[in-house]
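Here the structure comes first, spelled out in structure tokens, and everything after it is commentary.
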């Protein structure tokens, strides 16, 4: 299924995306190790170019499939990586510290690497997916997971910052722990908002597709567990001023649950969401 020329174009753009993300990661690592500002700028441009190629690949995939590319393991995995890349670019632009790139690009590359291992065959949508809710439900999941990916990277920086206080590179290029804590909190708040939309739209869609708002499918259950983890984080943050090392660990654990919800559940606990 699909125009062979468009299929080849999508494949070329996908592999160009992987190459650009890999180049960006290598440049960010080198910048961070050698303190070369020019390399940091090049890394940012490589990440932006990778995001542009990635957007093109998804657009071509959508044209080729005649639908939004959000319906199977490959399509959601590459869209997941796209969401992390988008959120990374937003946070890099808003907070302007390039060291974040050295921590977020490996996450992006690992997720898109997982996508590369999946079947890229274009198939027709199964009946349950033939709904306008697909775009809303999955798009909000992409943004939510992307924001949680940024929070994970920033939390990792926070935890390492504690151990690297004596490092001149860390003092120069990594914000103080208080600022990292604030950035992680904002990323979690953004992700939590969109994850809430994911669960609400998923319940509405499930009722129209299967006649039940909630069926305790493994992916539904783990999405709810993830929601509760981040809800506890935000509750403690707002009501008790919770922050610091414990909050960073909690945010990192939340992203581990995100990864398990997507990859682990699909691999280990088959259910009605196993297509993505």
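Values quoted throughout were computed directly from the atomic coordinates according to the rules given, and no laboratory measurement underlies them. Note that the coordinates shown come from a computational prediction; the quantities given were computed from them, not determined experimentally. Every residue, glycine as well, gets a Cβ built from its backbone with ideal geometry; the counts of neighbours run over all protein chains shown.
For the chain, find the longest principal axis of its Cα atoms and tell me its angle to the long axis of helix 37-65, 0 to 90°, nearest 10. Result, in degrees: 0.
Taking only the C-alpha atoms, wrap a convex hull around the range 116-201 and report its volume per residue in Å³ as a whole number. Could the numbers behind the result be given before it?
Values: hull volume 10.7 nm³, N = 86.
Taking only Cα atoms, the range 116-201 has a hull volume of 124 Å³ per residue.
Using R0 = 30 Å, the C-beta based FRET efficiency linking residue 200 and residue 94 works out to 0.65.
Quick one: length gained pulling residue 216 to residue 68 fully straight, 0.36 nm per residue minus the C-alpha distance?
Details: separation 148, 0.36 × 148 = 53.28 nm, distance 2.65 nm.
Computed gain between residue 216 and residue 68 is 50.6 nm.
Once the convex hull of all Cα atoms in the range 1-51 is built, its volume per residue stands at 52 Å³. Under the shape rule built on the C-alpha gyration tensor, where the axes satisfy a ≥ b ≥ c, the range 214-259 is oblate, since a/c reaches at least 1.5 while a/b does not exceed b/c.
If a spin label sat at a point 7 angstrom from the Cα of residue 19 along the line to its beta carbon, the backbone N atoms of the range 57-101 nearer than 18 Å would be those of 57-58. With both labels modelled 7 Å from their Cα along Cα-to-Cβ, the residue 238 to residue 169 distance reads 3.9 nm.
Starting from 0.36 nm per residue, how many nanometres of slack lie between residue 207 and residue 117 once their C-alpha separation is accounted for? Don't skip to the answer; put the middle values down first.
Details: separation 90, 0.36 × 90 = 32.40 nm, distance 3.26 nm.
So the extension gain works out to 29.1 nm.
Each Cα pair under 8 Å and six or more residues apart adds its separation to the average, and for the chain the resulting relative contact order is 18 percent. Per residue, the chain reaches -27000 deg cm²/dmol at 222 nm when only DSSP H runs of four or more residues are counted, each adding -39500 (n - 2.57). Seen against the Cα atoms of the chain and their longest principal axis, helix 4-34 is set at about 20 degrees.
Per-residue counts of other Cβ atoms within 10 Å, averaged by peptide: what ranking do you get for 85-91, 228-234, highest first?
85-91, 228-234
Model label sites at residue 29 and residue 176, defined 7 Å from Cα along the beta-carbon direction, differ in position by 3.2 nm.
For residue 159 and residue 3, calculate 0.36 nm times their separation in residues minus their Cα-Cα distance, and state this gained length in nm to one decimal. Let's see the in-between values first.
Numbers: separation 156, 0.36 × 156 = 56.16 nm, distance 4.83 nm.
Contour length minus Cα-Cα distance gives 51.3 nm.
Return one number: the angle in degrees, 0 to 90 and rounded to the nearest 10, between the long axis of the Cα atoms of helix 177-210 and the longest principal axis of the Cα atoms of the chain. With rounding to tens, the tilt is 10 degrees. Note that the range 80-147 carries a Kirkwood radius of 13.7 Å, evaluated over its alpha carbons pair by pair. Taking other C-beta atoms within 10 Å as the exposure proxy, 5, 164 rank 5, 164 from fewest upward.
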